[in-house]
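The values are calculated or read from the model by the stated rules, or taken from the named source; none is laboratory data. Everything numeric here is computed off the predicted structure, so don't read it as measured data. Glycine gets a Cβ as well: all are built from the backbone with ideal geometry, and neighbour counts include every protein chain shown. In case anyone asks, the SASA skips ligands and DNA or RNA and just uses the protein heavy atoms, side chains included. Shrake-Rupley method; radii C 1.70, N 1.55, O 1.52, S 1.80 Å.
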Amino acid sequence: MNREILFFSAPWCGPCSQIKMTLSESIREEINLKIIDISEDMESATKHQIMNVPTFVVLENGTEVSRKIGATTIDYLRKM
């Protein structure tokens, strides 16, 4: 199974910036997290119907299986 978490954020989003500071490269690799800046990649934001940031979208084999809107913890992301 191919599992990926997309983290939609924006540079003007305070909670997004705080979350990014806690996400080391090793944590991003461990949970297979990809950070997407909606101001640079509006196409992905539109495709996934992102209305708020931060938003976390969990994909399994390319299909959305879960979504979390708002700030969260690394432990929560590991369990998603």
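Counting only C-alpha contacts under 8 Å and six or more residues apart, can you give the relative contact order of the chain as a whole percent?
Numbers: 118 pairs, mean separation 33.0, N = 80.
Answer for the chain is 41 percent.
At a probe radius of 1.4 angstrom, the accessible area of the chain per residue rounds to 62 square angstrom. Local charge for Phe7 was computed over the other residues whose Cβ lies under 13 Å away, with Lys and Arg +1 and Asp and Glu -1, and equals +2. Determine the share of the chain's accessible area contributed by carbon and sulfur atoms, expressed in whole percent, with a 1.4 angstrom probe. Looking at the chain in its full context, I get 49 percent from C and S. Per-residue SASA remark: Thr73, around 80 Å² accessible (1.4 Å probe; ligands, DNA and RNA not included).
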